[in-house]
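I have placed the structure first, in the form of structure tokens, so that the comments after it can refer back to it.
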Amino acid sequence: MRRLVWMPACALMMLTACEEMDGSGTATALPGMSPAPEPVAALAAPWQNLNAVRLDPTTGCYQYRHAGPVETTLLPLRTSDGRPICTKPAEAPAT
């Protein structure tokens, strides 16, 4: 008898935890995201999102926002042959 009471209660609790997914892909804007500059867009492979690009300050390489079916994440912006698009590293001061 106790099992019959707990099963509907657990099922109801599990259903209330579900979030409706509309598939619109409206993710919150990440800081520093903007359309790719023209020279970078000319180098980039066509299957990447060039409307949401940023320059990673730690690596000096461009990243784009990829909205996948499960999550939205930053991926390295690459050329058609797979090389990452990076800026020229700054010269280290001579000591």
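The values are calculated or read from the model by the stated rules, or taken from the named source; none is laboratory data. Since this is a predicted model, take the numbers as computed values, not measurements. Cβ sites come from the backbone with ideal geometry, for glycine too, and all protein chains shown count toward neighbours.
Structural remarks
- Scan of the range 77-95 for residues that are modelled with pLDDT of 90 or more, more than 14 Å from P37 (Cβ to Cβ) and either within 10 Å of the chain's Cα centre (by Cα) or surrounded by fewer than 16 Cβ atoms within 10 Å (Cβ to Cβ) (or both), ordered by number: T79, S80, D81, G82, R83, P84
- The range 49-74 - residue that is hydrophobic (A, V, I, L, M, F, W, C) and in a strand (DSSP E or B) and, of those, nearest to the chain's Cα centre (by Cα): L74
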